[in-house]
Amino acid sequence: MRYEELKTPSYIVSEKALRKNLEILKDVEVRSGAKILLAQKAFSMFRVYPLIAEYLTGTTASGIYEARLAHEEMNGRENHVFEPAYKDDEMEDIFNICDHVYFNSMSQFNRHLPSIRNHEDVKIALRINPEFSTQEGHEIYDPCSPSSRLGIRLKDMPEILPKEVSGLHFHTLCEQGFEPLKATFDVVEKKFGKYFKDIRFINLGGGHHITKPDYDVDGLVELIKYIKKTYDLDVYLEPGEAIALDAGYLITEVMDIVDTGDVPTLILDASAACHMPDVLEMPYLPLLIDSDANGIKVRLASRTCLAGDVIGEYGLKTMPKIGDRLTFGDMAIYSMVKNNTFNGMPLPDIVLEKEDGDYELVRRFGYSDFKERLS
Ligand SMILES: Cc1ncc(COP(=O)(O)O)c(C=O)c1O
C-alpha cells in the first residue's frame with residue numbers, strides 16, 4: 001500500500017526505526033555480554049517479533065497472555081515472566097511455556113513451591129525492592145514509592161535464599177538515563193550483595209532509555225561488565241520503551257472544528273482515552289509532527305463523548321481544514337497495547353512501514369473486536 005491509501009486512525013510502525021533501535025541494543029549485548037529482553041507490556045506487535053528475535057535474547061511478560069504470545073511468536077527465544085501474583089490454575093501453563101519465572105513475595109514463592117519443584121529446568125528469581133526512588137513526579141510509575149507492593153524489601157528477605165532461587169530482579173526506573181541505574185545498582189549491591197554469591201543471574205528491569213541519543217551507553221556497558229566480572233552473574237535488562245522508541249506514528253483526520261470560545265478545537269478520529277491512554281494517565285503531551293510552538297493555537301480533542309478526552313493544546317504552522325491529516329509521533333509504545341473501544345470507537349489499523357517504503361496493513365479491526373469483549 002501507499003501512504004495515501006492508509007485509513008485513519010492508524011498506528012504505523014517503522015521497520016527501519018525499529019531496526020535502528022535493535023542495532024543499538026544488540027551492540028550493548030555484544031559489548032557488555034548482557035542479555036536483553038523485550039518487555040512486551042510496552043510493545044507487543046508480534047508481526048515484528050521475528051525481527052526482534054534476530055537481535056534480542058528474548059522477552060519478558062507481565063501476564064500469562066503475553067507469555068503465551070512470546071511462546072508462539074518469538075522463535076523459541078527466552079521467555080521470562082513476572083506477575084505480582086500468579087493464579088494457581090495458571091501455574092502449569094506458565095511453567096510449560098516460560099524458562100524464567102519471577103516471584104514478587106516469599107508468600108507467592110512458597111505457595112507455588114510444588115510447581116517450582118516439578119519444573120526444575122525453569123529458573124526462579126525473586127523481585128526485590130531496593131527502596132531507592134530515583135523518580136520525581138510520576139508516582140504511579142514508581143515501584144519504590146513508599147507503599148509500593150512491588151518487590152521484596154530487605155527486611156522481608158530470608159536470611160538464606162531458598163535453593164530453588166537462582167536469580168534476583170529489580171525494576172525501579174521509568175524513561176531514565178544511566179545515572180539513576182548506577183545509583184540504584186550501588187544501593188542493591190550494598191543491601192542485597194550478600195545474596196549474589198548464591199545466584200546465577202540478576203535482572204536490572206526496564207525503564208532504561210538506551211536508544212535515546214544522549215543515553216550513556218558506555219556507562220551501561222561498563223556497569224554490566226563490572227557485575228559480570230565481580231560476581232560472575234548473567235545480567236539481564238528488560239526494556240520496553242527503548243525497543244520501539246520513536247519507531248511509530250498515529251495518523252488521524254480532522255473531523256470537525258469547533259469554536260469553544262477560546263482556541264479552536266479540532267475534533268479528531270483518534271482518541272486519547274481509547275488510542276493513547278498514557279496521554280491521560282501519565283499525563284503527557286504527545287509529540288505532534290510539524291507543529292510549531294509559536295504557530296496558530298489549537299486544541300486537539302477526540303470524537304468520544306468524554307469531556308476530558310483532550311489530547312492537548314498545540315501551535316500549528318497552518319490552520320488545518322476538515323479532512324486534513326495530523327500525525328502524532330512516538331506512538332509505537334504503550335499505545336496499541338493499551339487501547340480500547342470505549343464509546344464504541346473503532347480501533348486504529350496496525351500498519352508496518354517496510355524498509356523498502358511499502359506500507360503493509362498488518363491488521364484491521366472491526367465491530368466484532370468490540371462486541372466479543374462484551375456480552
Ligand atoms: C517489571 C517491568 N519490567 C520492564 C518494564 C518495561 O519498562 P520500560 O518500558 O519503561 O522500559 C516494566 C514497565 O513498567 C516493568 O514493570
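The values are calculated or read from the model by the stated rules, or taken from the named source; none is laboratory data. Model, not experiment: these values are computed from the prediction. Counting neighbours? That spans all protein chains shown, and the Cβs are built from the backbone with ideal geometry, glycine included. All accessible areas refer to the heavy atoms of the entire protein, side chains included, with ligands and DNA or RNA removed. Shrake-Rupley method; radii C 1.70, N 1.55, O 1.52, S 1.80 Å.
Ranking of 82, 365, 103 by solvent-accessible surface, largest first: 365, 82, 103 (1.4 Å probe, protein heavy atoms only, all chains present). For region 23-84, list log₁₀ I(q)/I(0) at each q in 0.18, 0.22 Å⁻¹, using the Debye formula over Cα point scatterers of equal strength and ignoring solvent, two decimals each. Here the Debye-derived log intensity ratios amount to -0.57, -0.82.
Mind giving me the FRET efficiency for residue 27 and residue 75? R0 is 30 Å, r the Cβ-Cβ distance, nearest 0.05 is fine.
0.90
Volume per residue of the convex hull around the Cα atoms, evaluated for region 33-244, comes out as 119 Å³. Based on DSSP H runs of at least 4 residues, each adding -39500 (n - 2.57), what is the mean residue ellipticity at 222 nm of the chain after dividing by all its residues, to the nearest 500 deg cm²/dmol? Theoretical 222 nm ellipticity from helices: -7500 deg cm²/dmol. By the rule of a C-alpha distance below 23 Å, with chain neighbours fewer than 8 residues away ignored, the lysines paired with residue 297 are 317, 321.
The heavy atoms of residue 347 offer some 30 square angstrom of accessible surface to a 1.4 angstrom probe. Looking at region 159-232, the trypsin sites (Lys or Arg not before Pro) that sit in a DSSP loop and have at most 15 other Cβ atoms within 10 Å of their own Cβ are 163, 200.
Measuring only protein heavy atoms, the 1.4 Å probe finds residue 46 accessible over about 100 Å². Centre-to-centre, using Cα atoms only, region 37-60 and region 111-186 are separated by 22 Å.
Axis angle, to the nearest 10 degrees, between helix 15-32 and the longest C-alpha principal axis of the chain: 20 degrees.
Applying the criteria of a DSSP loop state and at most 15 other Cβ atoms within 10 Å to the chymotrypsin sites (Phe, Trp or Tyr not before Pro) of region 148-190 yields no site.
Here residue 123 sits with roughly 100 square angstrom of accessible surface, probe radius 1.4 Å. When the Debye formula is applied to the Cα atoms of region 118-216, each taken as the same point scatterer, what base-10 log of I(q)/I(0) results at q = 0.11, 0.20, 0.22 Å⁻¹? At q = 0.11, 0.20, 0.22 Å⁻¹ the computed log10 ratios are -0.35, -1.01, -1.16. Among 69, 361, 25, the order of accessible area from largest down is 361, 69, 25, computed with a 1.4 Å probe on protein heavy atoms. Accessible area per residue for the chain, computed on protein heavy atoms with a 1.4 Å probe, is 46 Å².
Selection among 294, 245, 128 by position relative to the dipole of the chain gives 128 as farthest towards the positive end (Cβ unit charges, Cα centre).
With a Förster radius of 41 Å applied to the C-beta separation of residue 183 and residue 93, the computed FRET efficiency comes to 0.60.
Think of region 78-177 as a dipole: +1 on every Lys or Arg Cβ, -1 on every Asp or Glu Cβ, centred on the Cα centre; then among 174, 82, 109, 109 lies furthest on the positive end.
Helix 217-231 and the longest principal axis of the Cα set of the chain meet at an angle near 20°.
Taking 20 Å as the limit for the C-alpha separation, the pairs 41/191; 87/194; 182/212; 123/163 exceed it in the case of 41/191; 87/194. Built from the Cα atoms of the chain, the convex hull projects on average onto 20.1 nm², one quarter of its surface area.
Remark on residue 57: its backbone amide H falls under 5 Å from those of 36, a criterion applied only to residues 5 or more positions apart or on other chains, H modelled at 1.01 Å from N. Across region 135-150, coupling constants 3J(HN,Hα) worked out from phi with the 6.51/-1.76/1.60 Karplus curve, θ = phi - 60°, read 10, 10, x, 7, 4, 5, 9, 10, x, 9, 5, x, 9, 4, 9, 9 Hz, and Gly and Pro carry x. The value obtained for region 274-366, namely the Cα convex hull volume divided by the number of residues, is 131 Å³ per residue. How large a share of the accessible area of region 33-244, in percent, is made up of carbon and sulfur atoms when the probe is 1.4 Å and the other protein chains stay in place? Carbon and sulfur atoms account for 49 percent of the accessible area of region 33-244. For the pair residue 149 and residue 5 in one chain, pulling the backbone fully straight at 0.36 nm per residue adds 47.1 nm over the alpha carbon distance.
For region 1-154, the pair-distance distribution built from all alpha carbon pairs, in bins 5 Å wide starting at 0, is 2, 8, 15, 16, 16, 16, 14, 7, 3, 2, 1, 0 percent. Using θ = phi - 60° in the Karplus curve 6.51 cos²θ - 1.76 cosθ + 1.60, the 3J(HN,Hα) couplings for region 267-276 round to 8, 10, 8, 9, 10, 5, 4, 9, 10, 8 Hz; x is entered for Gly and Pro.
Computed from point charges on the beta carbon alone (+1 for Lys and Arg, -1 for Asp and Glu), the dipole magnitude for the chain about its Cα centre is near 720 Debye. Were the residues from residue 337 through residue 305 laid out at 0.36 nm apart, the gain over their Cα-Cα distance would be 9.3 nm. The apolar share of the surface of region 296-375, taken as the fraction of accessible area on carbon and sulfur atoms (1.4 Å probe, ligands and nucleic acids excluded), comes to 53 percent.
Within region 296-314, name every residue whose backbone N is under 18 Å away from a label modeled 7 Å from Cα of residue 259 along the Cβ vector. It comes to 297-299, nothing else. Under 5 Å from the amide H of residue 203 lie the amide H atoms of 168, 169, 170, 236, each residue being 5 or more positions distant or on a separate chain, with H modelled from the backbone and absent for Pro and chain starts.
Close amide H partners of residue 151, meaning residues 5 or more places away or on another chain with modelled amide H under 5 Å apart, do not exist here. Accessible surface ranking for 350, 94, 160, 1.4 angstrom probe, highest first: 160, 350, 94. Per-residue Karplus couplings for region 368-375, computed as 6.51 cos²θ - 1.76 cosθ + 1.60 with θ equal to phi - 60°, are listed in order as 5, 5, 7, 5, 6, 9, 10, 8 Hz, Gly and Pro entered as x.
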